[in-house]
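Reviewing the structure listed below.
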Amino acid sequence: IAMDLLFRTDEHTLADTTGGRLAELAGMLAAMPDVRIQLDGFADERGDKDDNLGLSQKRVDFVRDQLIAAGIDPSRIQASAHGEAPAQEQNADSYALERRVNMTVFIDNSPSFAANPN
């Protein structure tokens, strides 16, 4: 399952409504130990390239911290900051879609100890 968490320009925290929904989801995921989470952070292409990389890292860190605060073990979370993502069009709506953390939730496919006791 993949979803995008969208951020306002130059911000690395989520709006209260989105943050509340993330907390609810994280609480459910905390009870599912086989579930792993991949976070990929982005910024829109406006602004300084290095600043945008730093901003995308802050966004990933914020989401990761929220997941951990909800009880998800940090070892279940992989996170990467990618910096700028080019918008499809040069307008406010397209830029808004690039200010995001993409969260992918998946089941760990590695065999469990019970399935392979050796």
task: Please find, in a Gaussian network model of the chain (springs between Cα atoms separated by less than 10 Å), the residue of ALA43, ALA92, ALA79 whose mean-square fluctuation is greatest.
output: ALA92
Radius 12 Å from Cβ of ARG99, net charge of other residues (Lys, Arg +1; Asp, Glu -1): -3
- prompt: How much of the DSSP beta bridge set in the chain is antiparallel, as a percent to the nearest 5?
  reply: 65
message: Just to be sure I understand: with springs between alpha-carbon atoms less than 10 Å apart, which residue in VAL35, VAL60, VAL101 has the highest mean-square fluctuation in the Gaussian network model of the chain?
response: VAL35
- prompt: How far, in degrees from 0 to 90, does helix 16-30 lean away from the longest principal axis of the Cα atoms of the chain, to the nearest 10?
  reply: 20
query: How many nm separate the modelled label positions at ALA92 and ASP61, each set 7 Å beyond the Cα in the direction of the Cβ?
result: 3.0
- prompt: Given a cut-off of under 8 Å on Cα pairs at least six residues apart, what relative contact order in percent is computed for the chain?
  reply: 40
- prompt: Can you list the residues of the stretch 24-50 with backbone N under 14 Å from a point 7 Å past the Cα of ALA69, pointing along Cα to Cβ?
  reply: 24-27
- prompt: So what's the net charge close to GLY47: Lys and Arg +1, Asp and Glu -1, counting the other residues with Cβ under 15 Å from its Cβ?
  reply: -3
Chymotrypsin sites (Phe, Trp or Tyr not before Pro) within the stretch 54-113: DSSP coil, no more than 14 neighbouring Cβ in 10 Å: PHE113
- line: Between ALA79 and residues 5 or more places away or on another chain, the pairs with built amide H atoms under 5 Å apart involve LEU39
message: How tilted is helix 49-69 with respect to the longest principal axis of the chain? Cα atoms for both, answer in degrees (0 to 90, nearest 10).
response: 40
task: With r as the distance between the Cβ atoms of SER80 and PHE106 and R0 = 22 Å, compute the FRET efficiency 1/(1 + (r/R0)^6) and round to 0.05.
output: 0.90
- prompt: Leaving out ligands, DNA and RNA, what percent of the accessible area of the chain is carbon and sulfur, probe 1.4 Å?
  reply: 50
- prompt: Restricting attention to the alpha-carbon atoms of the chain, what are Rg (one decimal) and Dmax (integer), both in Å?
  reply: 15.8, 57
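The values are calculated or read from the model by the stated rules, or taken from the named source; none is laboratory data. As the structure is a prediction and not an experimental result, all values here were calculated from the model. With ideal geometry, Cβ positions are generated from the backbone for all residues, glycine too; neighbour counts draw on all protein chains shown. Surface areas here come from the heavy atoms of the whole protein model, side chains and all, with no ligands, DNA or RNA. Shrake-Rupley method; radii C 1.70, N 1.55, O 1.52, S 1.80 Å.
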